[in-house]
Every structure is written in C-alpha cells, then in structure tokens.
1. Relative contact order (percent) for the stretch 299-383, with alpha-carbon contacts under 8 angstrom and 6 or more residues of separation?
2. Taking a quarter of the surface of the Cα convex hull of the stretch 65-186, what do you get in nm²?
3. Arrange 326, 483 by Cβ neighbour counts within 10 Å, fewest through most, would you?
4. So for the pair residue 484, residue 470, with labels modelled 7 Å out along Cα→Cβ, what separation do we get in nm?
5. Which part of the stretch 447-471 falls in the paramagnetic zone of residue 501, meaning amide N under 18 Å from the point 7 Å along Cα-to-beta-carbon?
6. So if the hydrodynamic radius of the stretch 319-438 is defined as the Kirkwood radius over C-alpha pairs, what does Stokes-Einstein give as its diffusion coefficient at 25 °C and 0.890 mPa s, in µm² per second?
7. Put a dot 7 Å past each Cα toward the Cβ at residue 120 and residue 363; how far apart are the dots in nm?
8. In terms of the Cα gyration tensor, with a ≥ b ≥ c the square roots of its eigenvalues, is the stretch 251-398 rounded because a/c is under 1.5, prolate because a/b exceeds b/c, or oblate?
C-alpha cells in the first residue's frame, strides 16, 4: 500500500468472523488498496463467500416476525409454526378475505368498534376466516390498549399462524406502511451490491458503539440514534436491530432520503451494532445480578451489613438515580414452596426487564420483590405479569423512593399493601400503599382487637348468613353515597321505601346511625375491619 491506514485488527478484538449481512458468510481475501477519492480514506470490502444457506431477514427473502415486531412496536402474542419464516407481502384484512391464498403474506387487522366509544366486536369471528387461509402471521392493531383474548391466542396456535399484537394504539395505515418499508428493504440482497465502500474512520470506530453512531452520522450528514422503539417521526429512516430476545431501532434523521448506496452502508454496519448490543446485555446482566445481591442485603435485618452495602452501592452507583417503586408479588389461593417462588421469579423477571430494563427482581421473605422505575405504567406492566403465569397473583406497590436507604421502608409499604390487597380481594390487580387509606392503619392493629371491635359494633350484621351479607352490602352502598337514600336505592335496584325499611332493621341491631355522625363513623370503621379479617364475599 502507498499509505498505511489505521484499521483495527478484528482478531485482536476477539471477533473471528464479522457477519456482514444476514447471509451466512465470512470475509475472504484482504482489504483492497486505499482509495483517496475526495481526500478521504476508504476501504473496499471484498466479496462474501457463502458458507451456508441464507438466513431469513433483511437483505434476504424478507423480514422475520421479530424484525417486524421491533419495527412496529408489537409483541409476538402467538408464535408461528415456523419462527424463521420470512414475510413476502402485506395486505389489509379486506383484501386478505378476497384472496385465494395468503402463503407468505402478513395480514394487518384493525380491531376497532363499529361506532365511537362502542364495544369492540368479536375478534374471533373476524379472525377465523383469515386463519383458515394460513397466512404467515396476522398483525392486530386494537383501537385502545387491551390484552390479547386467550381464545384468540389458542385459536391462532391451533392453526400454526403467528399473531402480532400492537401494544400502543397506532393508525393501521402507518403500521402497514412500516411493514411495507421493511419488505422493500429485504428485496435489496447482498448480491446486488457491487463494491460497497466503507470509510476507514467508521471501521476505526467499530469497537465503540457511541463513536460508531457519531461517525455514521457524520458520514451521512444526519442525526443517528439507537432507540428501544421507533418514533415514526417525519424525516426519519429506520432499521431494526434484533439481537437475541432484544430489539432496538436505528433511527436516521435528515432532510433528504437515504440513497441506495447509503442504505447499503448502514446495513453493512448493523451486524456490528448487533454485536455491541449482545455484549452490552451481557455486562448489564452481571450488573443486575450484583444489584440484586446488594438489594437482598439492604432489605435484610443485619444492620451492619446493610450500612456497608449502602456505602458500597453509593460509591459504585449501583442503583438507578431515578425514582423507583417497590413491588411485592405473591401467589393467591395456592400453596407454593420456596422452589415455586423461585420459579415465579424466573418467569416474571424477563417481563419486568421488558418494561424496565433496569428492573431488579429478587426473592425475599417468601415473596417476589421488584424495584422498577416509578414512571412505568404499573397497570399495563401487571397485565403482562398476569398473562405470564397461570397462578392468580396479588401485587402490592409502595410509594416512590429515590435513595437506597429508603428501600427497606418501601418494601414494608409494599408488604402491607399486598397483605391488605389479599384480604380485600385485590387479586390480579395492583394494590397501592397510597390508596389503602384507613385500611393501612387498621391493618397494624392486632387481629383480636379488630375482631372484638367488629363484634361489639356490628353485632349479628357480622354473621355469616344471607341476611347479614345483604345488610353489609347495604352499609357499603350507604358509605359510598354518603348515606344518600335515593342514590343508594338506585344502586341497589330497590325502592327508597324498601331501603328505609331495611335500614331500620339494621339500626335495631346497631343502634341509630343515619343522623349520628359519630355512630356512623364507628359502623363504617367496623365494616372496614370486617373486610380485613372476615370477608367471605371477597369485597
């Protein structure tokens, strides 16, 4: 060579084979001579020698479901019979219903009510004719955030058809356009690329992901970012980067569209980014495991070990700086061994990490404990947790905390919330500590004191008889309506005079309370205590 170029030795970086495209191959020959066109060092990549069958994916026959799911922000609710199958075309449900065959096609189905704010139609009825034609997969875009119905998932699995569920509501036309773009990208195969050149400064930055993105942005005169999900902003080009079970999105923002040569350059660098994601995930797993061990010590009873761990975690910045929420998760209604609790943690941890990448999950005091970002939507996250296991769950959530020294207090709050939620029927939903109100205070009283107060205040209204159950229902309704007779009668579907007669019967047991605020407070407090200790109706 006339001039030497500082190109890193891939063997020294621990990379024996650099995947240049989704086609299985290895680099053959050596780098061509340095070209000084426009005064810039460039390196021309050699031809790729095939060493096996081509893989499905971008640059081959078509994108896979994992790549499509990463691009449109959808989860694979039901896997296809062949997870490596590629998608060749996309169509809406109306066109698909008229097609004779849907082999290799992806169908986008808009699940929306027939009238504004109306109920969603029966999805199984709409989906069944499509599944019989065996498309590669069906993408469901619900008009509002809902969970995939289990009968629909079971039906799709029986037919061996994949089902992609769009998590956040998005216009069906935008979803179809994104999939079309992926398919068009897939039709550009490596065989069509003649002498694609990569600037040497890009190769020199290959060992640093942040620097590589900066250099790529400079080469394209664009803003380049690697995101968790696509933003679908105007003036952006996007490329899915799928690494194992994790999906990322390479976003390129500039005023003009990418040329064919620039697109091929980006696709050449995507395998390098995929390798960086795998290495980062490995390092993150080690950091998370260390944080989990330290969290267990902080929540423990050994104060000396707790203080030492707090000092070490502060010095090493082991825990996130943003506000966190402590979740305590317990099975409901089933006897579970410690091995079962450990298995529950193993099942729930990947789902928590999918919602919050920095989530920490451990087993402590016979329950699964999670520390998650306070900005995470707990209701949406909890629905994913419930779908992951068949056992009913009770989840208690603490208030927000920012410092690791506050984690033990947050754990006690979540413990109290899950205990109260278990007693008041909070199954398969999140019971928040801040919503406990007087129940959180009453739970701290000894159980025998609560039971004694209930017996003295409610008398036979606390019995386990049909009449007592109906009387407690009336009292709960009066509490909810601030003792408004007309409104209570409407909610109970009875005549106001009938309600007055039943209240008189209750007052003959408890004493008059409608016109006595102090007596009314005692009765409603005893009713709350009853829900903690003797609640056969699961209120």
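Quick note: the coordinates plus some simple rules give every number you see, no bench work behind them. All values reported here derive from a predicted model rather than from experimental measurement. In this analysis, Cβ positions are derived from the backbone assuming ideal geometry, glycine residues included, and neighbour counts consider all displayed protein chains.
1. On the way: 74 pairs, mean separation 27.5, N = 85.
Relative CO of the stretch 299-383 lands at 32 percent.
2. On the way: hull surface 27.2 nm².
In nm², the orientation-averaged hull projection of the stretch 65-186 is 6.8.
3. Numbers: 326 29, 483 18.
Final ranking by Cβ density, sparse to dense: 483, 326.
4. Inter-label distance under the simple model: 2.5 nm.
5. So the set is 467-468, 470-471.
6. Numbers: Rh = 14.0 Å.
Value of D from the Cα-based Kirkwood radius: 175 µm²/s.
7. 3.5 nm
8. prolate
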